[in-house]
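Beneath this line is the structure, given in C-alpha cells, with notes to follow.
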Amino acid sequence: MPHKPDRGSRGALSGDSRRTLRAKARRVARHLEKFLGLPKQGESLPPPLDMLIATILSQNTNDKNSHRAYTRLRRKYPRWEDVARAPVRSVIAAIRSGGMANQKAARIKEVLSTVRNRYGSYDLAEMYQWTDQAVIDELVQLNGVGLKTAACVLLFSLRRDVFPVDTHVHRICSRLGLVPGTGGPERTFALMKAIVPKGKGYSFHTNLIRFGRRVCRSGNPACGLCPLVKECVFVRKRGIVLPRRIISKSNHDFMLLDNVS
Ligand code: SF4
C-alpha cells in the first residue's frame, strides 16, 4: 500500500511522520552507500561563480555535454570578465555542445552583468560568509536561477550540507515514499531538508543521481535488481533485469558539478 502520512492542519507533516521518514531516509542513504559506495567530495572546490555558470550550462542536457561546453568556454575565455565583454554570438559558439546555447549564453551574460553591478567584480566570494538561506535568497533573484541551481552552488562550491533536488532526485524520492503526495522538485527540496541525515547531503544526493542512472531510471526502472525494493512505494514497479554492466559499472557516474575547474 502506498504510504499515507499524517498531516497537520496546514499540510505540514506531523512529528510522527517526520520521525518515520527520517528513519527511512537514514536506511535508504545507508543502503545506497553499501550498494554504490561512499562518494567523497574533492579537497578543493571551485569558486561559487564558476559553479553558478556551470550549473546554468547543465540545465536540460547531460553532464558530458555540459562539461564539454564549460571546458570550451573557459579555454576560450579564461576570465569571467572576458565572457562578459565577448560578443554573444562568440559565447554561443563556445557553449553550443551544451544545447540551448542562445538562451544559456544570454543568461550567462546577464548573470555576469548583475554580479558585476552588485559586487563590483566578477566574484561571489562574499558568499563563503553567508548563511545557506541568504545565498539561496540572493541567487534565486537572478534570471534563470532556481532553487536547484542555488542548492548546487551551496553543496558543490561552498561545501554546505544541503541536498539539491533535480527532476531525477525528485522522481526517486517520490517512488521511495520519502516525500508523500504530489508536487515538484521544489516541494521535495523543502520536505527532504527535514529528513536527510546530517552530514549526508553530498553522498545522498550523489548516490541518488547514480542510482537513477543505473537502476531507478525514469522509463524502465530495474526493480528486479533494486536493493531498495522493500522501501519502495512505487505502484508500477517493473521486474526488468538490465544487463549486469549497467547495474555494476560506473560508466554513468560522471558528474559535471564534481568536475568544474
Ligand atoms: S523498486 Fe523500482 S521504482 Fe522502486 S526504487 Fe527500486 S528501481 Fe526504483
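What whole-number distance in Å separates the alpha-carbon centres of the range 186-211 and the range 60-127?
Each part's Cα centre sits 28 Å from the other's.
Please tell me the relative contact order of the chain in percent, rounded to the nearest whole number, where contacts are Cα pairs under 8 Å and at least six residues apart.
Averaging sequence separation for qualifying contacts and normalising by length gives 26 percent for the chain.
With +1 on each Lys and Arg Cβ and -1 on each Asp and Glu Cβ, and nothing else charged, work out how big the dipole of the chain is about its Cα centre, in Debye to the nearest 20.
1200
For the range 48-156, just the Cα set please: Rg and Dmax, both in angstrom.
According to the Cα coordinates of the range 48-156, Rg and Dmax are 13.0, 37 Å.
Among the listed pairs 148/200; 76/104; 34/198; 64/200, which have their C-alpha atoms separated by more than 22 angstrom in this model?
64/200
Full extension from residue 75 to residue 190: what is 0.36 nm times the residue separation minus their Cα-Cα distance, to one decimal in nm?
This chain segment gains 37.7 nm when fully extended.
In the range 48-156, if the dipole is taken from +1 on Lys/Arg beta carbons and -1 on Asp/Glu beta carbons about the Cα centre, which of 145, 105, 49 is farthest to the positive end?
105
Sum up the charges of everything whose Cβ sits under 13 Å from the Cβ of residue 160, counting Lys and Arg as +1 and Asp and Glu as -1, but leave residue 160 out.
+2
Loop-only check: which trypsin sites (Lys or Arg not before Pro) in the range 9-65 are DSSP coil with at most 14 other Cβ within 10 angstrom?
Sparse-neighbourhood loop trypsin sites (Lys or Arg not before Pro): 10, 40.
Would you look at the GNM of the chain, springs on alpha carbons closer than 10 Å, and say which of 78, 48, 164 moves the most?
Between 78, 48, 164, it is 78 that shows the largest mean-square fluctuation.
Where a number appears in this text, it was derived from the coordinates with a stated rule and is not lab data. Note that the structure is predicted; figures quoted are calculated from it, not measured. Heads up, the Cβs are rebuilt from the backbone with ideal geometry, glycines too, and the neighbour counts pull from every protein chain shown.
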